[in-house]
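Coordinate-derived values only; no laboratory data. Just so it is clear, the structure is predicted and the values come from calculations on it, not from any experiment. Cβ atoms come from the backbone with ideal geometry, glycine included; neighbour counts cover every protein chain shown.
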Amino acid sequence: MKAKNFRTIERPYTRVKMIAGAPQPRIAKYDYGGWRENYEYRLDLIANSDCQIRDVALESARVAAGKFLSSKIGNDFYLVIKAHPHHVLRENKLIFGAHADRLQEGMSRAFGRPVGRAAQVFAGKEVVSLYVDGKSLDLGREALRIAASKLPKEYRVQITKLAEAQA
């Protein structure tokens, strides 16, 4: 199946203790960089429409943005993945070729087997948050643009100036 088939939001299938063979999320870690209290700006990558994002796409976006920022500004940023892949994706695999009809059941018992995980993201929700200083604001915006290119659908970047009391 193509990844395009898993983009639309369907009823969540999340009860992992009831699902035999549910795969683990393929996200190595949900944060990247060094945390401190006095960052000046928070940049959020916000979904423009409802969609499901596979766990491998979230990991790819995290790695791409993190490597870009690490090469440019070192460890002076903090990147957080906000979308968590709880939804288990299923696929009814079919065999094609000669005499395949003897080996499969078609649409009877077509519930499918677990093949991966996805995060269900609704319009207006944050997918990735990035904390940077003022001098790195343009690099942060570019890093989130790179991360958005790894994800399905379209996103926008929202910039929030953090309170002066933290500084």
Just want the ordering: SER60, SER136, from fewest to most Cβ atoms lying within 10 Å of their own Cβ. SER60, SER136
If each of ASN92 and MET107 carries a label point 7 Å out from its Cα toward its Cβ, how far apart are those two points in nm? 0.7 nm
What list of ³J(HN,Hα) values in whole Hz, one per residue of region 12-28 in order, does the Karplus curve 6.51 cos²θ - 1.76 cosθ + 1.60 (θ = phi - 60°) give from phi, with Gly and Pro shown as x? x, 10, 10, 6, 5, 5, 9, 9, 7, x, 5, x, 6, x, 9, 9, 5
9 Å beta-carbon shell around ARG113, net charge (K/R +1, D/E -1): +1
Taking a crude spin-label model, label points 7 Å out from Cα along the C-beta direction, the LYS82 to GLN158 distance in nm is 0.6 nm
If we count other beta carbons within 10 Å of each Cβ, what is the order of THR8, THR14, fewest first? THR8, THR14
Cut-off 16 Å, label 7 Å out along Cα→Cβ of ILE9, residues of region 45-80 by amide N: 46-54
Pop out the ³J(HN,Hα) list for region 49-59 in order, Karplus 6.51 cos²θ - 1.76 cosθ + 1.60 with θ = phi - 60°, rounded to Hz; leave Gly and Pro as x. 8, 5, 6, 10, 10, 5, 4, 5, 5, 4, 5
For ALA22, what residues show an amide H to amide H distance below 5 Å, using hydrogens built from the backbone and excluding near sequence neighbours? none
Per residue of the chain, what 222 nm ellipticity follows from adding -39500 (n - 2.57) for every DSSP H run with n ≥ 4, rounded to the nearest 500? -6500 deg cm²/dmol
Neighbour-count ranking [beta-carbon atoms within 10 angstrom, fewest first] of VAL128, VAL115, VAL157: VAL115, VAL157, VAL128
For PHE77, what residues show an amide H to amide H distance below 5 Å, using hydrogens built from the backbone and excluding near sequence neighbours? GLY34
Considering the options ALA20, ILE159, ALA143, tell which one lies farthest towards the positive end of the dipole of the chain, charges being +1 on Lys and Arg and -1 on Asp and Glu at the Cβ, about the Cα centre. ALA20
Would you grab the residues whose amide H sits under 5 Å from the one on ARG54? Only those 5+ places off in sequence or on another chain, please, with H modelled 1.01 Å from N. ALA119
Using only Cα atoms, tell me the angle between helix 137-149 and the longest principal axis of the chain; keep it within 0 to 90° and round to the nearest 10. 10 degrees
